[in-house]
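J.: Here it is: the structure, laid out below.
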4 protein chains.
Amino acid sequence: MQMDYRIRTDLALETKERFEEDNVEVSGVVIEGSYDEERDIRTTLVKIETEKGAKAMGKPQGTYITMEAPNMSVPDQDYHREISKELAKHLRKLASLDKEKSVLVVGLGNREVTPDALGPNVIENLHITRHVLREYGTLGMGEDRAHAVSGIVPGVMAQTGMETLEIIQGVVDETRPDVVIAVDALAARSTKRLSRTIQITDTGIDPGSGVGNHRDGLNAETLGVPVIGIGIPTVVDAATIVHDAMAHLLDALEEQERKEFLEEMISPHLHTMFVTPKDVDETVKRLGFTISEGLNIALEYV
Amino acid sequence: MQMDYRIRTDLALETKERFEEDNVEVSGVVIEGSYDEERDIRTTLVKIETEKGAKAMGKPQGTYITMEAPNMSVPDQDYHREISKELAKHLRKLASLDKEKSVLVVGLGNREVTPDALGPNVIENLHITRHVLREYGTLGMGEDRAHAVSGIVPGVMAQTGMETLEIIQGVVDETRPDVVIAVDALAARSTKRLSRTIQITDTGIDPGSGVGNHRDGLNAETLGVPVIGIGIPTVVDAATIVHDAMAHLLDALEEQERKEFLEEMISPHLHTMFVTPKDVDETVKRLGFTISEGLNIALEYV
Amino acid sequence: MQMDYRIRTDLALETKERFEEDNVEVSGVVIEGSYDEERDIRTTLVKIETEKGAKAMGKPQGTYITMEAPNMSVPDQDYHREISKELAKHLRKLASLDKEKSVLVVGLGNREVTPDALGPNVIENLHITRHVLREYGTLGMGEDRAHAVSGIVPGVMAQTGMETLEIIQGVVDETRPDVVIAVDALAARSTKRLSRTIQITDTGIDPGSGVGNHRDGLNAETLGVPVIGIGIPTVVDAATIVHDAMAHLLDALEEQERKEFLEEMISPHLHTMFVTPKDVDETVKRLGFTISEGLNIALEYV
Amino acid sequence: MQMDYRIRTDLALETKERFEEDNVEVSGVVIEGSYDEERDIRTTLVKIETEKGAKAMGKPQGTYITMEAPNMSVPDQDYHREISKELAKHLRKLASLDKEKSVLVVGLGNREVTPDALGPNVIENLHITRHVLREYGTLGMGEDRAHAVSGIVPGVMAQTGMETLEIIQGVVDETRPDVVIAVDALAARSTKRLSRTIQITDTGIDPGSGVGNHRDGLNAETLGVPVIGIGIPTVVDAATIVHDAMAHLLDALEEQERKEFLEEMISPHLHTMFVTPKDVDETVKRLGFTISEGLNIALEYV
């Protein structure tokens, strides 16, 4: 059965759903949901509480908050403002922004590839304050208290020759933020979730992989400070949609047959392709704006 | 059987291949191939000679030259120079560039969406001469004879509110070029052809559709001057890869069953997604350069 | 004395000021001013009413409205909203937008050169409706009545080989808008006006020149429909600032001496340079947004 | 007299020239020139050998090589290849690239402001190898020996809230390169040197200032490894051209008068403006390519 879970998703919610579809009970994983009818936002909290749960889920222990908002992919400024505020609420709590903090925001991804440009877009819209605070103090901000916000776009390994972790470790060692917030585009299982879901987690972000090696990720262990990850799925692995369409069809066949068919049918080169919506360029710009506004609201210290 | 051909491809070569796979004979279509072993370039000429052939192929009558070069997706400058020269050879012939001509090059597509930015990229690298010739004559170019080259990036309808054809008709009426060369990113059936194939045709280009309405296309009928189309496939319709994987699997089933399954299985929303290689950004820049160098070579009048 | 006026400005207001400084009376030119203290917007109306006035001013007959708002160069979203509304008010009047119109907005300039990218930036933010109206009628817009808005970025001659006028004439002939609105970055005399002034005029725009040839401009004579020009100064000719500094110094010298000195001192190659503020990139993006919002407000048909 | 030298230049050559114009002897500074007639490249070596020389020059002790090539601002691919080779020769020597090295290339400046985008442009064209070498060794490169090349674009303080030095120190501590090569756009005194001069120095680069504080610069003292600076002037401080024009004029006046005039005349706000050539966009792209090719040649280990 494990092959069903090999298919990539960066959303803890989707991993949980797969288990539920198969009626598999996963111990050590708690799930809680709520629905805001007025704003049509569904919030799901997945908590991975034990090492065993982490292993089953293929994701590190911690809290994963998912906001699903079908209208997020639509250009409605007022609605996006609501999403930004809701995001800010979760961030303030996960990053303990009730006290003055210095916050490094990391925009992961590749600004040249549209569906991967979410992180760089967020940094562009962010209100950077650290340099002003260091030069003029909170008075320079016209405020009594203020968070010190810095931001960086490290680039991807093919552009830099360095792992993202090496760059961020260096910058964290040198500038000593209290908390890191890392923003990245994610891969989902379902095309219907693309651009409609925000995942916020206190487990940081594993660059370039949904189920990859946590040692290379940006997280509290590797960076020495709490790391909040924010992600929005913008692509589906091309192999995933073939897998799903075929698995659906194969439900009629015997399980053993089914497994063999699937293994044979899905061409490995599909894993070097991705599927993305045709209007991904506008959508990614708009979502980048929504996240950065969420950050800007969360980071206004009041 | 017709549904097999509903799946989109902009490559005449691929349409022909589908018929061959099914052992269907298409009258009025001639195909010729040659292979340059040293440079690993396979050239195929598809000629649609009758109205019946055009109907069967879903493409207008005319000549379609396809250059397949597996190494084209690789950053080897010398190899790209060879491709540019080969492309120039075909262009000189199709556009009759043995006499002084005024040539309008149209870069179709959306510069904001990486896999659709091929046309705009080509115009960026193009040697524009028309304004110099008009001001200073061929002497201003330091040549005895020269083609008058102009270029335009019309944008896509969502950006302009106008059909590409309206814009180009207006510009052609006003500037009266002898020939139009239109460059566009194409959709292929096979992911293996992405970024590895150039199609050159004297039938122009049908913006936004492989099998669409020829009345809205850029071609001799609509513009009143010969129109050469140059295209490179950079995406596959997401529905296509699901269709193909499943059709392969279904070969074991009865044909009627198969048709029903396929119709049911392929989710219509997949047609709003596309599949594209993960390194599409660099590749599209490089290919844009290769085409524009091909144009630059073809348009150097010697 | 004429050399004082040879120095380039695209602002009618500045040309008028120069005459006033020298106590020269210009007949056929009327000037009216008003000041909105609350919003700190100074509005000046320059009307060139006779051919003689046009000759003296070096600008075509017509109405030039100048809005000067010192805070416009500052990133204050609410303030920019006020400017957009004020701009919309003038546009509605000059373009007679009280009746349903089809409006072509032309974004002049070069998107690759930051201080010249104002026009292209405006088109990016514009609400384009023409294609929706043609396909679905006003119902598709969810409105009873709507203006048909189209937009184009023609590029500059070095990129296209064509004069802007040729491209726009072609597009106007083909799509037959009721009115053209052309947006361009301007050159000012005074660095203090950069990014702080909007000029709106019913005389259109003369691409690439403040005092150039009106035959090549975008205006009612060349396009056959009314043309509204909107411009914001983003550069000063490098020769201008040298000229001004020196003229100031030379006030002490005799007039003849002064003229000779100036002619000798200002190196002609300075005219191939421009002066622009160090933060021009952010400013131009913001101003592009403000203008497009002004257009969006003006073009919402209520 | 000191005020004459307050005017900003990042070129050691220009500082030296100013002293020569005034017939001031500066001890501790050695100058050597050579001229390659065939390729029209003038190479000047300025060596600041003593602390006293450094103080007089307003630049740190070390070697400054200036290549002046009038045709560098022209799009001649073959000529640029020659410049790249010549640059590579100097780099190999200054950075001791005769032994295998790990080299971090830093692209300083702001990619959004055309004349400041030289550094980011260089990183885009650079052959990055460090990640390949770490994964596959020199065999992965198809070579016996290879330099490990990494690259980073740190951004400017307004975008990151961090000083460039903080970011680079962090990255250097973490990735331990043998040598850093920093590329930046420079300010010149003379508009005639813009885009025509390359300065290569073993003193590193002082971000954001020609005569600024060496403690904040990227250099051997701050980073703990040798730092080579490569720069091309793309702007002139707007105050400079006014200063020069007026100083020229004032030669006729008495010196005391002259000093007072100048101080009064040059408006401080001119220092927030810069002067740059009208074709700076194409030029900066081309120069970025030339430098990166120089780096690519220098860093091919043979």
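The values are calculated or read from the model by the stated rules, or taken from the named source; none is laboratory data. Note that this is a predicted model, so its numbers are computed, not measured. As a convention, Cβ positions derive from the backbone with ideal geometry for all residues, glycine included, and neighbour counts pool all protein chains shown. Surface areas here come from the heavy atoms of the whole protein model, side chains and all, with no ligands, DNA or RNA. Shrake-Rupley method; radii C 1.70, N 1.55, O 1.52, S 1.80 Å.
J.: If residue A:163 meets every condition in (1) modelled with pLDDT of 90 or more; (2) over 20 Å from residue A:10 (Cα atoms); (3) of a type outside the set (A, V, I, L, M) apart from one, which number is that one?
T.: (2)
J.: Let me ask you something else. Does residue A:34 meet the test of being open to solvent by 20 Å² or more (accessible area, probe 1.4 Å), within 16 Å of residue A:295 (Cβ to Cβ) and of a type in the set (Ser, Thr, Tyr)?
T.: The answer is no for residue A:34.
J.: Of A:15, A:9, which residue is part of a loop (DSSP other than H, G, I, E, B) and crowded, with 22+ Cβ neighbours inside 10 Å?
T.: The conditions single out A:9.
J.: Among the residues of segment C:54-76, is any without any contact (Cβ under 8 Å) to a residue 60 or more places away in the chain and touching a strand residue (DSSP E or B) at 6+ places or on another chain (Cβ under 6 Å)?
T.: Yes, there is a match, as at least one residue in segment C:54-76 is without any contact (Cβ under 8 Å) to a residue 60 or more places away in the chain and touching a strand residue (DSSP E or B) at 6+ places or on another chain (Cβ under 6 Å).
J.: Just one of (1) open to solvent by 50 Å² or more (accessible area, probe 1.4 Å); (2) β-branched (Val, Ile, Thr); (3) in a loop (DSSP other than H, G, I, E, B) trips up residue A:26, so point out which.
T.: Result: residue A:26 fails condition (1) only.
J.: It is to be established whether one or more residues within segment D:72-90 are among the charged types (D, E, K, R), in a loop (DSSP other than H, G, I, E, B) and over 30 Å from residue B:125 (Cα atoms).
T.: There is no residue in segment D:72-90 that is among the charged types (D, E, K, R), in a loop (DSSP other than H, G, I, E, B) and over 30 Å from residue B:125 (Cα atoms).
J.: So which residues in segment B:97-119 are out of contact with any strand residue (DSSP E or B) (no Cβ under 7 Å at 6 or more places or on another chain) and among the β-branched types (Val, Ile, Thr), if there are any at all?
T.: B:113, B:114
J.: Tally up the residues in segment C:131-152 that are in contact (Cβ under 8 Å) with a residue 40 or more places away in the chain, under 17 Å from residue C:298 (Cβ atoms) and not polar (S, T, N, Q), please.
T.: So the answer is 7.
J.: Could I ask something else about it? Identify, by number, the condition in (1) among the acidic types (Asp, Glu); (2) modelled with pLDDT under 90; (3) more than 15 Å from the chain's Cα centre (by Cα) that residue C:116 doesn't meet.
T.: Checking residue C:116 against (1) among the acidic types (Asp, Glu); (2) modelled with pLDDT under 90; (3) more than 15 Å from the chain's Cα centre (by Cα), the one that fails is (3).
J.: Let me ask something else about it. All but one of (1) within 14 Å of chain C (Cβ to nearest Cβ); (2) under 27 Å from residue B:274 (Cβ atoms); (3) open to solvent by 20 Å² or more (accessible area, probe 1.4 Å); (4) of a type in the set (Gly, Ala, Ser) hold for residue B:56; state the number of the condition that does not hold.
T.: Of the numbered conditions (1) within 14 Å of chain C (Cβ to nearest Cβ); (2) under 27 Å from residue B:274 (Cβ atoms); (3) open to solvent by 20 Å² or more (accessible area, probe 1.4 Å); (4) of a type in the set (Gly, Ala, Ser), the odd one out for residue B:56 is (1).
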